[in-house]
Structure formats: C-alpha cells, structure tokens
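S.K.: This structure is in structure tokens; I'll ask about it shortly.
The values are calculated or read from the model by the stated rules, or taken from the named source; none is laboratory data. Note that this is a predicted model, so its numbers are computed, not measured. Note that we place each Cβ from the backbone using ideal geometry, even for glycine, and neighbour counts take in every protein chain shown. For accessibility, only protein heavy atoms count, side chains too; no ligands or nucleic acids. Shrake-Rupley method; radii C 1.70, N 1.55, O 1.52, S 1.80 Å.
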Amino acid sequence: MSESLHLHQIATVTGGKIYGDPDRLVSQIATDSRSLPGIDKVLFVAIRGDHHDGNSYIPDVYKQGVQSFLTDKEPAFSELPGATFCVVNDTLSALQKLAGARRNSFSGVVMAITGSNGKTIVKEWIYQLLQHEMSVVRSPRSYNSQLGVPLSLWQLTDRYRAAVIEAGISLPGEMEKLERIIRPDLGILTNIGPAHRENFDSASQKLTEKLKLFRNCRKLIYRADLLVDGKGIASFLRELECEPISWSYSEEAAYTYTFPEPGLEPEVVDLNRQGQHSKFVLPFTDEASVENQLHVITALSELGMEHGKINQLLAGLEPVEMRLETLKGIYGSTLVNDVYNSDLTGLSVALNVLIQQKKHSKKAVILSDVFQSGMDHGVLYGEVAELLKFKAIDRIYCIGKNISEQWSRFPENTRFYSDTGNFLQEFDPREIEDFAVLIKGARKFHFEEITRILQMQVHKTVLEINMNEMVGNLNYFRSLLKPSTKVMVMVKALSYGSGAHEIAESLQHEQVDYLAVAFPDEGVRLRMSGVQLPVMVMNADMDDYRTLLENHLEPEIYSREGLERFLRECNYMGVLGQPVHIKLDTGMHRLGFEAGDVSWLKEKLSTGEILVRSIFTHLAASEDPSLDDFTRQQVDEFTKMAGQMKEITGEGTLLHMLNSAGIERFPEYQMDMVRVGIGLYGQGLGKGLEPVSTFRTIISQIRRVKSGETIGYGRSGKVKRDSLIATLPVGYADGINRHLGNGNYSFYVNGSYAPTIGHICMDMTMLDITGTGATIGDHVELFGRNCPVSEMAEQVGTIVYEVLTGIPERVKRVYIRE
C-alpha cells in the first residue's frame, strides 16, 4: 500500500461514502485536535467514545487547515466549504480496517508483545538493539489500545524491514480485533501479573484473552516457569497453532538461563540453547529488568542475531523513560522535559504536549540529533524542520553534528550548536522568559544538564500528578451518569494541591461543562492562563463582584445581601443577563438561602436582570451510610425549594447537588449536573479510581548509628540496634505532619517500608533504612500507590483533603503523561 492514499481508496477499504473530492490525498492520520502532525495530507478521524464525540472537534480542526475527515455523521457542507468527508458507520472500526490494510501490504517482520507487566520496556529494548541491524519501527510510547494499535500500524511503510507492536486489552473480546489487524509473525508474552484484572474473572481468563493475539503467528516466546493460577503457561497454549519458544531459569526449555556467579554486578547469565552455551552481561540487575532482558535476548536469537552481537549491543542498552514531565522553569517559563531519547515519532508526541501549554503564547524547542530513524539525514531533518514550522515554534535550538549539517532546511529562528557544552556556554536563559520550552534529546547529549539549569526549583521533593490517571478518574464518574448529565469539576485550592491551570487546561480539552473555584483570584488566574470554560466562584466577597464581571466569572450567590449588591454592581456596569448560581441551604447550615427566602428570591429574580444558570445545594454526609436518611431529607428539601424557584427561572436552569461520593452512592439524584471534587484525584469509594498524586523525595545522606545512640531534636529517636539512618530533604514545612515522626509511620523506599525515627523537622525527616539496601539518591515515596494518602491522613487524625492541600507551593509539581 502506498504511503499516500486517495480518499476514494480509503472509502473502498472502510466501506465509507465520499462527500467532496474523492481524489484528495491522505498520508497522515490524526485523532486528537491538539495533536495534528501537520495539515498537508492529514485525515482527521472523529472517534466517538463513551464520554466524548470526536465530531465536535471537526470545526476546530478545519479552522487549523485540515480538509479531510473520517466521520460517522453526515457533513455540514455550509459550515466547512471545501472539506471532504468519508462517512462510515463506526470510525474506530474503519480506522482499524485501514490499519489492517496497511499491515497486509507490509513485507517486513511484525513482532507483537502483550502481557500485564514489562511489555513497553521489552518493546523499547528490542527496538533499541534491533535498529543497529535493520530499519525498524515500533509503537509510540504506550500506544497499545484499540485506538493506539491502528495508529501504530499506520507507520508501516516500505522504509522499514521490521516492526515491534505492543497490544493491551482491558475487556474480554478486544484482542480478537487487534489480532486481525496486527497479524504478528513473532509473538512475545511478558509477565502476567495482577494489573488490569478488574474486568476479568481470573488471571487465567485474562491470559487466555491475551493469547488470542498469537493464534496465527509463527512463533511465540514465553517464560516456561511462570505460573498463572497454579498452572504453567504451556497448558494454555494447546489451542494455538504457533511454535512455542520457551525460556526458563530452571525448567527444561528451549532456552535455559542460569546465573553461575550470583551477586556479581553487572550480572552474568549463561544460556543453554540445545547444548550450546553463551554468556551475556546484563546491564540491569533488578528482578523485573532481568526477566525483560531475557525476553529480548530470546527474541533477537529467534530473529537470527548472533549471540556475540547481542552481547555487544546489550552493553549500550539504555533505561526506558516512558513519561513526559512538565516542570516550572526559571523566568516564568514552563519546561516539557523529555531528555532521554530523540526519535521522530517521539518528537511529534512531545511537541503536542508543548503546544498544549496554553499559558504561554511563545514556544521554544531544544533538540539534539535525531537517532533511530532509519532515514537519510536530508529526508529526516527535512521532516523535522517541517514539523517545527507547522507547530509555529518561535525559537529552535539544535544541538549535534548531524542536525547542524542540515541547517539550510530549518527556519531562520533556529540556532545550531556542536554539543551540549557549547550550548550551555552561549545560551542566555533570559531568552526563554515566559516561554513554554520542550527539551528533547538523546541520552548521549546529557540534556539533563540543560533541565537542571532551566528549572525554577531544584528541590528534590516533588508532587507528581499523573494526568492519564486523572482523565481515567473523570471517565469513571462519567460512566455512572446519564449522557445528558453535565459535569462541574472543582479546581479550588490549587486543584486540591495538584496545580490549578495545568489541571484546568486538561479538563477543558476533556470537555467538562464547568469548573469551580473558591475565590475570584483563582478564577482570574485560570482566565490569564487561557482557560475559557465557564467558572463558578463559590466564595466571592461582595467587594469582588466587579472583578468577576470583568473576567466573565460566575458567582455563587447565597445571601440576600449578596444578591442585592450583585444586582447593583451589574446595573452600575451596564451588564444584563450575567450568569449566577443560587445556593440553597438544605441542612449543611454553612452558606445558602433557606426555605423562608424563596418567595423573596422569586420576586428579585423575576425582573430577568440576571440569568440563574444553576440552583444547587451541598450534601453534608453523602459518604456516610449511617446518615443516608439525612441525605434523603436534604434531597427532598432541595427538590421542593428548587421546584418553586424554577417557576421563575425557567426549565433551562440546572439543578445539582451530588459531590464525588454522592455520584457513587446516589446516582438516582444526579439531576442536571454533578460536581466532581476529590474523586478526580483518585480519592473516593469507587474501585474504578486510581490515585493521581505521588509525593516523593530522595535520600540525601546515610549514616551508621550504633545501638544506644539517639536521632534528632530532644533525643527522641532511640536506636535499639546498630542501624542505617537516612536523612530526607522534606519536613513539616513541606506538608509532612509532625505526628508521623518517632516511628509512627513508614515510607516506601527500595521495595520496603522504612519507619521514621526521631521528630519530623521543618525541612528534614529521618528514616531507619536498615535492611532495605537503599542508597543515597534513592527515591522515597511519601504517599502514592504504595503508601496511600488516606492511610497518612488516618494516622494523623485528619482527612485526605487536608493532607493534599497542605503541600505548599515550594514543593515542585511535576505533571506526568504516560
């Protein structure tokens, strides 16, 4: 199949109908309006999901210059003149058919990887080593879903001889769809663990579903001594026609690996392959990495690579960094940090994250030589330059011999440097004032030195916010709602400590209906960062009303005095129809109009001077089953009061009362809108929620302390045996409550839990790390997956809200996108 297709060819493959020019050419595919690879020959595929409709983004993509669309709706030609549409019944299914056709025309070797753990690492490591021998393409990052796999397969062109495709599933029945389009020649099954088990009856069912990927492939590599529900993998392979290629540490297998010199680093492993022995030196020696490396060695052996060559290439194996970090930089800048690899596909993904930094109108890119492309340098850097031009990057800094030799292909706003040291000598950091900056380089260029200099804070204590998990939590709540129910998300108090505008920008793209903040200044900051969603201000003082009106913010009105004052302010400024939100007190007895105010309210609102956007109340105990009778009493009171008010405000007024816990426990009361708060950040009752935040630091120093010695202020930390004591650069000024000291709590370090010892200091905490094997510089999880923040809150007798909002701004926020 040609790299470029006419739309009539796409219609033939997908069973679609063309509206417009059937001869329009397409060579690139986009499914995200924020992530266009360009506008020339781009097909925008409007994916319809459970909680979003890609068709709603078509006008925005059209305005950016895209002219070709794959959609499941009849086109509106009057609104989009000149555009061409291919209309199908199901756009995701059509995209998969298109990717399947691309795969069918690919003559190279296709490897497919699935499993619970390690599949992305194995994919990246095979790619790292195999690209030295042949041109190879792989799935970008974790593009392993029903959508990600076809986008990965679309890359298969004649310039490549091999492909490494990752496949993942979350539901039974999904793998058959992926198998039909991947059709792998060689399969690799990685570790089968507990991850993503929620939709499967057992580990055996999950494994059986995953193995459907390999039903028609030639060979399948797997670990023979791995047990699933007490059974070996081989017992699950009987219905597959592929040749099983087993490896093991101890059992009889096609490849048997043993460790003749245990405990030595780097680890030496001996391979026995049909009586022939080979030794390999493994650069990574933790248990999971060893298993992943043995998958890679076995796979490369089956591809015919000589063992001596594999051993040589293993010496250059690099760790895989699978996430992008967003950091605060100096001079008001924001850094998008991707300093460990530099390839064409990864550059496109990272540029999309850069462009999404709406807080900054100016963008800069610091880029090294691009490796692992399999392309002629002229063609490669021509594509890089065109991509940077399309993204309208204001300043470009190119570092490296290869990219510098192609200087004539880049725009005038590009500077070139021979190496990172040369860049650091000549670069003036003030050039990036108020810029969003992508720092992307291959590991050999040591771009971490650039990041270190440009970061505003070098404090090693950070709060990581996983944006993927946050969107997953939002979709969990949406799954509990009717399609017509609107969603308001609370982003007050720095988004519960997570960072306001970064969270708000993501929510804006996810098309939530409303945001809510506590005070006007929070709303003003959102407007300054480019957030256009409607914003409700919950605690607006009457003196702040003018600020609200000037910034198109919508106040919560909860008192007679407040309503009178707001009406006067609107009249003074000549503003009519300003949206407001009326709060009713149904039992919380904090803020709000009471039943006796309803008649007065109806009279005041009957003039139509302001628009009552919503009427709402606050549930006092929606999370507590013992108080459900009181909750239902609140519902009855609200329904009565709001019903009387809607006689004046009209049917267009939204009613809402459910918070995060209420959505989970009382979905029958969802009304017109719900308010998602702490649940967005993974804290709640639902099993479908994932923690968003990880609070971590590092070990600054380790000392040996003899039995009988004491640690810290007041000699409160008494050492009862010879111990190793670690000092962490984090204390109560960073949000670590003093009651956690003196052994009252343990933090997670190097796979173990280490108790505190001595008092928590303002800027430091001490841990007893005896027996953990931890070293200076190791990460310590203060809360996250291994140390739930709810347990920390319970230990100090408070609530999760207080812990999260108590982390001060001096702690660096890092935004992670997997």
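S.K.: For the range 618-627, what are the residues that are assigned to a helix (DSSP H, G or I) and either among the hydroxyl-bearing types (Ser, Thr, Tyr) or over 20 Å from Gly677 (Cβ atoms) (or both)?
M.R.: Within the range 618-627, just Ser626 meets the criteria.
S.K.: Could you check, for the range 200-213, whether at least one of its residues is part of a helix (DSSP H, G or I) and β-branched (Val, Ile, Thr)?
M.R.: Yes, that holds for at least one residue.
S.K.: One residue is enough: does the range 540-547 have a residue meeting the conditions among the aliphatic types (A, V, I, L, M), outside any helix (DSSP H, G or I) and either touching a strand residue (DSSP E or B) at 6+ places or on another chain (Cβ under 9 Å) or open to solvent by 30 Å² or more (accessible area, probe 1.4 Å) (or both)?
M.R.: Yes.
S.K.: Looking at the range 212-235, which of its residues are within 17 Å of Gly173 (Cα to Cα), out of contact with any helix residue (DSSP H, G or I) (no Cβ under 6 Å at 6 or more places or on another chain) and crowded, with 19+ Cβ neighbours inside 10 Å?
M.R.: Across the range 212-235, the qualifying residue is only Phe214.
S.K.: Return the residues of the range 1-23 that are in a loop (DSSP other than H, G, I, E, B) and open to solvent by less than 60 Å² (accessible area, probe 1.4 Å); say none if nothing qualifies.
M.R.: Across the range 1-23, the qualifying residues are Ser4, Gly16, Gly20, Pro22.
S.K.: If you don't mind, another one. Mind listing whichever residues of the range 709-720 are of a type in the set (Gly, Ala, Ser) and open to solvent by 60 Å² or more (accessible area, probe 1.4 Å)?
M.R.: Result: Gly714, single match.
S.K.: Test Leu156 against the stated conditions and say whether it is in a loop (DSSP other than H, G, I, E, B) and in contact with a Phe, Trp or Tyr (Cβ under 6 Å, 6 or more places away or on another chain).
M.R.: Against the criterion (in a loop (DSSP other than H, G, I, E, B) and in contact with a Phe, Trp or Tyr (Cβ under 6 Å, 6 or more places away or on another chain)), Leu156 qualifies.
S.K.: Is it the case that the range 784-804 has a residue that's in a strand (DSSP E or B) and either of a type in the set (Asp, Glu) or surrounded by 21 or more Cβ atoms within 10 Å (Cβ to Cβ) (or both)?
M.R.: no
S.K.: Restricting the search to the range 169-181, which residues are surrounded by fewer than 24 Cβ atoms within 10 Å (Cβ to Cβ) and in contact with a helix residue (DSSP H, G or I) (Cβ under 8 Å, 6 or more places away or on another chain)?
M.R.: Scanning the range 169-181 gives Ile169, Pro172, Gly173, Glu174, Met175, Glu176, Lys177, Glu179, Arg180, Ile181.
S.K.: Turning to a different aspect of this structure: Of the residues that make up the range 563-576, is at least one of a type outside the set (D, E, K, R), part of a helix (DSSP H, G or I) and out of contact with any helix residue (DSSP H, G or I) (no Cβ under 9 Å at 6 or more places or on another chain)?
M.R.: yes
S.K.: Also: Of all the residues that make up the range 581-602, how many are part of a helix (DSSP H, G or I) and surrounded by 16 or more Cβ atoms within 10 Å (Cβ to Cβ)?
M.R.: 3
S.K.: Separate question: Determine whether Glu412 is open to solvent by 10 Å² or more (accessible area, probe 1.4 Å), acidic (Asp, Glu), outside any strand (DSSP E or B) and at pLDDT below 90.
M.R.: No, not satisfied.
S.K.: Can you pull out the strands (runs of 3 or more DSSP E) entirely within the range 264-359 that have at least 1 residues that are hydroxyl-bearing (Ser, Thr, Tyr) and open to solvent by less than 40 Å² (accessible area, probe 1.4 Å)?
M.R.: 276-282, 324-328, 334-338
S.K.: Residues of the range 653-690 being open to solvent by 30 Å² or more (accessible area, probe 1.4 Å), modelled with pLDDT of 90 or more and not hydrophobic (A, V, I, L, M, F, W, C), which ones?
M.R.: Selection gives Asn659, Glu664, Arg665, Pro667, Glu668, Tyr669, Asp672.
S.K.: Residue by residue through the range 550-569, note down the ones that are in contact with a strand residue (DSSP E or B) (Cβ under 7 Å, 6 or more places away or on another chain) and at pLDDT below 90.
M.R.: None; the set is empty.
Residue-wise test of (1) modelled with pLDDT of 90 or more; (2) buried (at least 18 other Cβ atoms within 10 Å of the Cβ).
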site: Gln96; (1), (2): yes, yes
site: Val110; (1), (2): yes, yes
site: Asn117; (1), (2): no, no
site: Trp125; (1), (2): yes, yes
site: Gln131; (1), (2): no, yes
site: Val137; (1), (2): yes, yes
site: Asn144; (1), (2): no, yes
site: Gln155; (1), (2): yes, yes
site: Tyr160; (1), (2): yes, yes
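S.K.: If we scan the range 756-764, do we find a residue that is in a loop (DSSP other than H, G, I, E, B), of a type in the set (Asp, Glu) and free of Cβ contacts under 8 Å to residues at least 24 places away in the same chain?
M.R.: no
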